[in-house]
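Working notes, structure below.
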Amino acid sequence: MHRVDIDRSAPVVVVTAAGELDAYAAPDLSNAFTSVAGEDRIVVDLETVSFLDSTALGVVVKAIREVDERRGRSLIVLPAGAARRIFEITTLDRVLATAPSRAYAVATLAG
């Protein structure tokens, strides 16, 4: 089971995903990123993601790259549990801009 939400109440847009993100969940994640296309400051909060496969990871990376291409800013809050491992194995935790928490990411991008 998974959930993908968009929060526009902060000075930056926050896309939050939770649960298991696999090929089945990837379209929901992709739709969320499509609906925030054009935003210049995006936080991707994956803290409560329990599983992340390569399909969902690809959706996240694509969305971040699109923000970067239009000279926007984004931060990813990495999963807290085992799902974090896919970022470490692929070294994306070193390549992508990350934040230790949602609050920190929002404050950083809003400032």
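A few comments on the model shown:
- Which of Thr91, Ser35, Thr48, positive extreme of dipole for the chain (C-beta unit charges): Thr91
- Note on Met1 and Ala37: the extension gain reaches 10.4 nm, defined as 0.36 nm multiplied by sequence separation minus the Cα-Cα distance.
- If both residues of a DSSP beta bridge must be in the chain, then about 30% of such bridges are antiparallel.
- Sorted fewest first by neighbouring Cβ atoms within 10 angstrom, Ser35, Ser30 come out as Ser35, Ser30.
- Amide proton proximity set for Ile42, modelled H, under 5 Å, gap of 5+: Arg73, Ser74, Leu75
- Restricting the calculation to Cα atoms, the chain yields a radius of gyration followed by a Dmax of 12.5, 36 Å.
- Estimated [θ] at 222 nm from DSSP helical runs (n ≥ 4, -39500 (n - 2.57)) normalised by residues in the chain, nearest 500: -11000 deg cm²/dmol
- Charge dipole (Cα centre; +1 on Lys/Arg Cβ, -1 on Asp/Glu Cβ; no other charges) of the chain amounts to roughly 300 debye.
- Here's how it looks for His2: its modeled amide H is under 5 Å from those of Glu20, which are all 5 or more places away or on a different chain.
- Ranking of Glu47, Glu88 by count of other Cβ atoms within 10 Å, fewest first: Glu88, Glu47
- Pairs of Cα atoms nearer than 8 Å and 6+ residues apart set the relative contact order; for region 2-101 it is 26 percent.
- Selection of trypsin sites (Lys or Arg not before Pro), region 2-111, meeting DSSP coil and at most 13 other Cβ within 10 Å: Arg8, Arg70, Arg71
- Degrees between helix 26-35 axis and first principal axis of the chain (Cα, 0 to 90, nearest 10): 10
- Order of Ile89, Ile42, Ile6 under a 10 Å beta carbon neighbour criterion, fewest first: Ile89, Ile6, Ile42
- Nearest-ten-degree value, helix 54-69 long axis tilted from longest Cα axis of the chain: 20
Read the figures in this text as sums done on the coordinates, not as results from a lab. Bear in mind the structure is a predicted one, so any value in this text is a computation, not a measurement. Please note: Cβ atoms are built from the backbone with ideal geometry, for glycine as well, and neighbour counts cover all protein chains shown.
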